[in-house]
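Each value in this text was obtained by applying a stated rule to the coordinates, not by laboratory testing. For clarity, every value in this text was computed on a predicted model and none was experimentally measured. Cβ coordinates were reconstructed from backbone atoms using ideal geometry, including for glycine residues, and neighbour counts include every protein chain displayed.
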Amino acid sequence: MKSFAYFAPRELDEALDILKKGGENICILAGGTDVLVQLRHKKIAPDLVVDLTKINDLNYIKEEDGFIRIGACTTFTDIEKSSLINSRASVLAEACREIGSPQIRNRGTIGGNIANASPAADSVPALIALGARVTIKSSCGTREVAVEDVLAGINRTTLKKDEVITEVFFKTPNEYTSSAFRKLGRRAALSIARISIALVMEKYPDKPMYKDARVALGAVAKNPFRAEEAESLLINRVLGEEEIKKWSEKISEIAAKTLGNRASAPFKRESIKGIAEEALLKILKAD
């Protein structure tokens, strides 16, 4: 492993100043579950590693002014155990619960999962379905973008070298909102998602139909994405057996467009129907 300089600042401003002056070949560490593997296998060889995990201001979960806000260095364990997340945005708790082992969840962070830009990132479909945005800071200022707009391909993002994700936030779902996350891996535990789906639906308070639905798919394209074409099939309809089947077929059709002719495509096109129906039925039974 190539030697490198290492900094672990305790203040965000200090970290941003280091990034500004640190040159081109910088690696940001926000938990290390991906970075350490990449270092060990010589997939990256940075001159400088900036460790954000000592910055306490990046570790929190709170509700404020109608939004749920999560610091970028908040771990998956903290998210999956949060009473706020479980009660108001359970899809994210479910997704974080599916990530790796307890050891990985104790170290891995929500900001790192986004910035790693893996096709199979478990938390990202849930965040997209929740309409989540991120706050991005550098020494030059602050900007906010949708989670999906950070992603630019496999392990590629739109982040500049001196920028850091500091917060993930989304509007607090109301009492009529239900959600579900489903994932299919090669085995029951410690598996990377082969396909995943996140579903967030808001029901009318006075009739058995849904006024809004957001669907996001993972591990069927270079990055997770919102499946908007399928959402209209869930809105303003009584969802019986026939409607559920049509919806799962649409999900498969959307996945087929992004999967192309890869070897796993036939398996994924069929399997995604099953996990899509599971997610939808979970919501329908709960409501």
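Amide H contacts of residue 155 (H built 1.01 Å from N, in plane; Pro and chain starts excluded): 118 sit under 5 Å, all sequence-distant by 5 or more or on other chains. When a/c is below 1.5 the answer is rounded, else prolate if a/b is larger than b/c, else oblate, so apply that to region 198-257 with a ≥ b ≥ c taken from the square roots of the Cα gyration tensor eigenvalues. The shape class here is oblate. What is the set of long-range amide H partners of residue 48 at a cut-off below 5 Å, with H atoms built 1.01 Å from backbone N? So residue 48 has HN proximity to 5, 27. Assuming a ≥ b ≥ c are the square roots of the Cα gyration tensor eigenvalues, decide whether region 40-95 counts as rounded (a/c under 1.5), prolate (otherwise, with a/b larger than b/c) or oblate. Verdict is prolate for region 40-95. The phi-based Karplus calculation (6.51 cos²θ - 1.76 cosθ + 1.60; θ = phi - 60°) puts the 3J(HN,Hα) values of region 93-100 at 4, 4, 5, 5, 5, 8, 7, x Hz, whole numbers, x for Gly and Pro. Couplings 3J(HN,Hα) of region 149-161, computed from phi: 7, 7, 8, 9, x, 5, 6, 10, 9, 8, 5, 7, 4 Hz, in residue order, whole Hz [Karplus 6.51 cos²θ - 1.76 cosθ + 1.60, θ = phi - 60°; x for Gly and Pro]. Near residue 194, the amide H atoms lying under 5 Å from its own belong to 184, 185, 186; only residues 5 or more places off or on other chains count, and H is placed 1.01 Å from N. Ignoring the sites themselves, the chain has its longest run without GluC sites (Glu not before Pro) in a DSSP loop having at most 11 other Cβ atoms within 10 Å at 25-174.
Shape of region 133-244 from the C-alpha gyration tensor: oblate (a/c of 1.5 or more and a/b not above b/c, with a ≥ b ≥ c the square roots of its eigenvalues). Relative contact order, whole percent, for the chain stands at 15, derived from Cα pairs under 8 Å and 6 or more residues apart.
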